[in-house]
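Heads up, the thing below is written out as structure tokens.
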Amino acid sequence: MRLSFIAACAFALSSSVASATVLDFGQGPSELPRFQYYDEDGFVFGSYTPSETFITAVDQSSNTNFNGFARDGGRVLSLQSDGELLLYVEGGTFDFSSVRIAVSSGFFGGVTFEGWLAGGGQITRTLTEPVVNDPGAQVVTFSGFDNLTGLLITVPESTFAIMDDFVVEEVSRVPVPLSAALLLTGLGSLIVRRKVQG
């Protein structure tokens, strides 16, 4: 029983949450032009270039930039020429595994995803043709983008990228002071129990 109690305290110290989340921009107003901050299920999109960052409803059937996305009023993220966007979890880390993406017809790829690793350093992947130079949206998967403190997305000049369905998984968000307090409480109870038994 003592060992299980200690194990529970240790779990509190390293508490983590493992549940995949699909970020589909379905929260908030139907249009969010030139936004600086968007929060969905605890995941935050912060724009360094608000003038180039939009969340918009896909209902423009004549617009070829939305090729591959259902034109049913669902919302997508639009990141335009020289746009930069940061995805993060406040006070935590996350894994990034895939995104649905299309690049506007007539332009080449070059969309860059830079993951900031919790242990230090970065992992980078730049999408190039034929991965994204396609009239339809594709699901692009990522390997090694784990335990990130942030994900920086950059779109080069003269490129119009449409993205949706970011698949992410929160790794941890329990504040260290709270975990330490839980652990100390558990150890304190163990000491009291030993004194009572002695």
Practice problem: Name the single residue, out of those in the range 132-163 being of a type in the set (D, E, K, R) and surrounded by fewer than 17 Cβ atoms within 10 Å (Cβ to Cβ), that is modelled with the lowest pLDDT. | Solution: Asp134
Quiz item: Among the strands (runs of 3 or more DSSP E) contained in the range 1-84, which hold 1 or more residues that are modelled with pLDDT under 80 and farther than 23 Å from Asn147 by Cβ?
Solution: 53-57
Practice problem: Starting from the range 160-172, keep only residues that are under 15 Å from Thr149 (Cα atoms), then list their pairs with residues that are surrounded by 18 or more Cβ atoms within 10 Å (Cβ to Cβ) and small (Gly, Ala, Ser) whose Cβ atoms are within a distance under 9 Å, requiring at least 6 positions of separation or different chains. | Solution: Glu170/Gly92; Val171/Gly92; Ser172/Gly92
Practice problem: Among the numbered conditions (1) touching an Asp or Glu at 6+ places or on another chain (Cβ under 8 Å); (2) exposed (fewer than 15 other Cβ atoms within 10 Å of the Cβ); (3) modelled with pLDDT under 95; (4) farther than 21 Å from Phe160 by Cβ, tell me where Val89 comes up short. | Solution: (2)
Exercise. Could you please find all residues in the range 29-40 being surrounded by 13 or more Cβ atoms within 10 Å (Cβ to Cβ) and closer than 15 Å to Asp164 by Cβ?
Key: Leu32, Tyr38, Glu40
Quiz prompt | Conditions (1) part of a loop (DSSP other than H, G, I, E, B); (2) at pLDDT 75 or above: number failed by Val174 | solution = (2)
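The values are calculated or read from the model by the stated rules, or taken from the named source; none is laboratory data. Since the structure is predicted, the reported quantities are computational estimates derived from the model, not experimental observations. As a convention, Cβ positions derive from the backbone with ideal geometry for all residues, glycine included, and neighbour counts pool all protein chains shown.
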